[in-house]
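Following: one structure in structure tokens, then a few remarks.
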Amino acid sequence: MDGLLDNIAMVANVARFVETHPVERLVYLSTDGIYPMVDSAVTEETPADPDACYTISKYAGERLLQAALKPTVAISYLILT
């Protein structure tokens, strides 16, 4: 459980920073573990289904950064899974 909270806290710190300090690019390394194991291709439209502390923290990190960057039109961001 500590790892979950630590991972979320780290990304929350980055999210708070980019809200007030413009950056040109941001790369966040996530995990494909947020998606269910299926026999078909996984796309960005595939519903997330994180099922462990690590994958939950990665998915939460994605959402935190997207929320922090949403008001910023000029930034490009990439989430790698």
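The values are calculated or read from the model by the stated rules, or taken from the named source; none is laboratory data. Keep in mind it's a predicted model, so treat the numbers as computed, not measured. Glycine also receives a Cβ, built like all others from the backbone with ideal geometry; neighbour counts cover every protein chain displayed. Just the protein is used for accessible areas: all its heavy atoms, side chains included, with ligands, DNA and RNA removed. Shrake-Rupley method; radii C 1.70, N 1.55, O 1.52, S 1.80 Å.
Candidates Ser57, Tyr35, Ile8 compared by Cα position along the dipole of the chain: farthest toward the positive end lies Ile8, with charges placed on Cβ.
Solvent exposure of the chain, expressed per residue, is 71 Å² of accessible area, with all protein chains present and a 1.4 angstrom probe.
Remark: the Glu45-Lys70 segment gains 7.2 nm on full extension, using 0.36 nm per residue and subtracting the alpha carbon distance.
With only the Cα atoms considered, the chain has a convex hull volume of 83 Å³ per residue. Using the average count of surrounding beta-carbon atoms within 10 Å as a protection proxy, the listed peptides 62-68, 25-31, 38-44, 1-7 rank, highest first, as 62-68, 25-31, 1-7, 38-44.
Summing Cβ point charges (Lys, Arg +1; Asp, Glu -1) relative to the Cα centre of the chain gives a dipole of roughly 380 debye.
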